[in-house]
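Accompanying notes for the structure given below.
Each reported figure results from applying straightforward, stated rules to the coordinates on display, with no laboratory input. Model, not experiment: these values are computed from the prediction. Note: ideal-geometry Cβ built from the backbone for every residue, glycine included; neighbour counts use all protein chains shown.
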Amino acid sequence: MIKDLIYTISKENHSEKELKAILTSHSEIKFVSLIGIDLSGNDTDEKIPMKVFLDDIDTFLKGAIQTDGSSVVLPGIASLNNAKVDMLADVDVNWYVEYNYEHIDGETGKPIGTLRIPCFLYHENVAVDSRHILKHAIEHFKSTLLDLFKAHPSSLAAFDIKYDDIEDVVATCATELEFWVKTPNDKAEVEELSTSQVLQEQYWTRTKGVVRTCLEESLLIMDAYGLEPEMGHKEVGGVKAKIDESGKLTHIMEQLEIDWKYSTAVQAADNELLVKSLVKETFRKNGLDVTFLAKPIDGVAGSGEHTHIGIALKLKNGKRINLFSSPKKHFLSIFGYASIMGILKNYEVVNPFVSSTNDSLRRLKPGFEAPICIVTSIGNSVEVPSRNRTVLVGVIRDLQNSLATRFELRAPNPHTNTYLAVTALYMTMLDGIKYAVTGEKTEDELLAELSKKPEDNADYLELGRSYRSEEDVFEDFSDEEREKFFGKAPATVYENLTAFDKYADKKAVLMQGDVLTEKLINSFVLGTTKRWIIEINNRIIANYSDEIRACKPLHSIDKALDLDVANWMKINELRHYLMKDSYSKQSLFTRIKVATDIKKYDEVSNLQIELDEKIKELRELYSNYKKNLLDI
């Protein structure tokens, strides 16, 4: 970091006068970039020279800058014959300056900076972007909650406050970032990575060499941006690096995590976007690759991005009240119980926004602490907070700090569109809160309903389902019991998206207050489906083809045993089944492509499940085949 650089322009300094004063005194900031977030979570990056921005600053602050809608994912909204999209600056959040440390300004000797301005995307005068959807959701959440307080003042009695004591409702959010880092072009054997993971050789161990440097640099620069990093450490995945002849570490393959302070919902999502950019650039300039894929290596721990959600009341006397914490001898307040019930009851329509890629669903498998069941844990007793890591939604409580109570959704990954995921969470929490407040439910009644057995009837939660478990969901239940009690997790992106059709009443929860409209949801589904199909046919099948071709006979005829020959015959038969066509029979690859061409997406989904199972079988067969050979 360099002295006298400006990293943040706070919302208090977004007037024309303040901006001109700041930007003219920092001539190293040469460009402006408007950041709009489409429905797939992609962020725009338009390089606008600073002179253009300053000459027309009033239009940038109060008007709209046009862009081509074909460059963002808004299918069914911005079409080729109606592609114009307007970008409006969001003046209510912090703006950031990102620096290119490889491009130095000749006049100031400082790195060239780009002012990044979050904005909203409008099509035909209607906001259609992820940031605005989240902002609208929070506004709807706050106004509805205040209306409920006013109509049902008894709901505030436990906090010993009245409606007129409230100045504001504050929706808080925080995310954690896990990622893999490696030396470019180096590979580690999956079996070696898996063994290290099981032995927990990497988790919380010391970072060394260039990885340590990158992690420390990342935390320091995050602090410069005012993000208040709280921790950086090694995660469970990785193997020990090697040392080359010059003493440098090579074959680096490690999983890391970085945490930072919470903020308001929209600002928290913006902060996450910034952190990913800072991390990637910091590691890259030190010669390391970073991936935010949820499951970059099959058979090894994936990367999550746990999302923390809270609600606070800001009182006129300056005090803050955590709306989830109970002033009584209870795990949670009525708002806490109701919120978690709302998430769990409606999670089928939250999940498509949380896990919208092939990669994300590969991570959500039993055995890697990945949440696959719609269930929560709140603890065996009020005195001992739960830390059950096998559930979907965890309740985080600090007995010494009531303001720390929050929910942790464990399913998101670094490529989750946080704006839409958090939108869905607040909308479903509101559904539960409405039920509890209008029904004048007590803490005991809500706890009993949250703790219901599958066969128990309930006023809000569904018959045949259970929603709370203090046990290990993976160890203490069979596969059949998990599906029966907590629901079956979708296996493919298509299965996940069909929830919008299967659960019309739950989808309606997201559409309250026109936060998510039919048009927006349909656009999200179209964009996600297109990405799913393209990735299967153009990336997954291509990668699997290379892997299948790499499975070659390694035994010699004169030294091979019957078992070696039999093993290879099984492998070769499976190779043909997967990718070799004949006059009489189509390979699995071809069947997927044919189903894609005729848009039979339910068949593509079923074939993808079979494909993943067959590839897993091929890997196991080939590994066992190699292990039995003495000479390779």
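Against the empirical curve 2.2 N^0.38 Å, the C-alpha radius of gyration of the stretch 65-190 lands at a ratio of 1.64.
Using the alpha carbons alone, the radius of gyration of the stretch 8-126 stands to its Kirkwood radius in an Rg to Rh ratio of 1.00. Residue separation times 0.36 nm, minus the C-alpha to C-alpha distance between E620 and L463: what's the value? So the chain would gain 52.5 nm between E620 and L463.
Once both labels are positioned 7 Å from their Cα atoms along Cα-to-Cβ, the gap between D479 and V91 label points is 5.8 nm. Measuring between alpha carbons in the structure, the pairs from K593/K614; K559/K627; K51/K135; K47/K295; K345/K434; K11/K135 lying more than 21 angstrom apart are K51/K135; K47/K295. Comparing Cα centroids, the stretch 502-542 and the stretch 136-165 end up 32 angstrom apart.
Rounded to the nearest 0.05, the FRET efficiency derived from the C-beta distance between A542 and D514 at R0 = 41 Å is 0.50.
If you plug the beta carbon distance of K62 and R389 into 1/(1 + (r/R0)^6) with R0 = 45 Å, you get a FRET efficiency near 0.40. Under the rule a/c < 1.5 gives rounded, and otherwise a/b versus b/c splits prolate from oblate, where does the stretch 390-500 land using the Cα gyration tensor? Here the stretch 390-500 falls in the rounded category.
For the chain, the longest piece that avoids every one of the GluC sites (Glu not before Pro) found in DSSP loops with at most 11 other C-beta atoms within 10 Å covers 476-632.
Given their separation in residues at 0.36 nm each and the Cα-Cα distance between them, S451 and K488 gain 11.4 nm when the chain is fully extended.
Amide H contacts under 5 Å for G304: E178, restricted to partners 5 or more places along the chain or on a different chain, H placed in the peptide plane at 1.01 Å from N.
Taking a sphere under 14 Å around the Cβ of N457 and counting the other residues whose Cβ falls inside, with K and R at +1 and D and E at -1, yields a net charge of -3. Taking label points 7 Å from Cα along the Cα-to-Cβ direction, N628 and L220 give a separation of 5.6 nm. Sparsely packed loop sites in the stretch 268-370 (the trypsin sites (Lys or Arg not before Pro) outside DSSP H, G, I, E and B with at most 15 other Cβ atoms within 10 Å) comprise K285, K316, K319, K328, K329. So which helices of the chain fit the span-like rule, where a helix is a whole DSSP H run, its Cα atoms reach 18 Å or more along the axis, and its mean Kyte-Doolittle is at least 0.0? Helices meeting the criterion: 209-224, 265-284, 418-438, 518-535. With only the Cα atoms considered, the stretch 243-398 has a convex hull volume of 181 Å³ per residue.
Ordering Y435, F331, H306 by Cα displacement along the dipole of the chain toward the positive end leaves H306 in first place; charges were set at the Cβ atoms of Lys, Arg (+1) and Asp, Glu (-1).
Dividing the summed helix terms, -39500 (n - 2.57) for each DSSP H run of n ≥ 4, by the number of residues in the chain produces a 222 nm estimate of -12500 deg cm²/dmol to the nearest 500. For the stretch 522-593, the list of chymotrypsin sites (Phe, Trp or Tyr not before Pro) that fall in a loop by DSSP and count at most 13 other C-beta atoms within 10 angstrom reads Y583. Stretching the chain fully between K600 and V52 yields a gain of 192.4 nm (0.36 nm per residue, less the alpha carbon separation). Put simply, the amide H of I35, placed in the peptide plane, has neighbours under 5 Å in I117, C119, leaving out anything fewer than 5 places away on its chain. Spherically averaged projected area of the convex hull of Cα atoms, the stretch 532-628: 6.8 nm². Each residue, S381 and T264, gets one label point 7 Å from its Cα in the Cβ direction; the gap between the two is 4.1 nm.
Look at the dipole of the chain built from charges on Cβ: of I536, T405, Y262, the Cα furthest out on the positive end belongs to I536. How would the chain be classified by its alpha-carbon gyration tensor: rounded, prolate or oblate, with rounded meaning a/c under 1.5 and the a/b versus b/c comparison settling the rest? The shape class here is oblate.
Panel order for V170, V493, V97, by other beta carbons found within 10 Å of each beta carbon, from fewest to most: V170, V97, V493.
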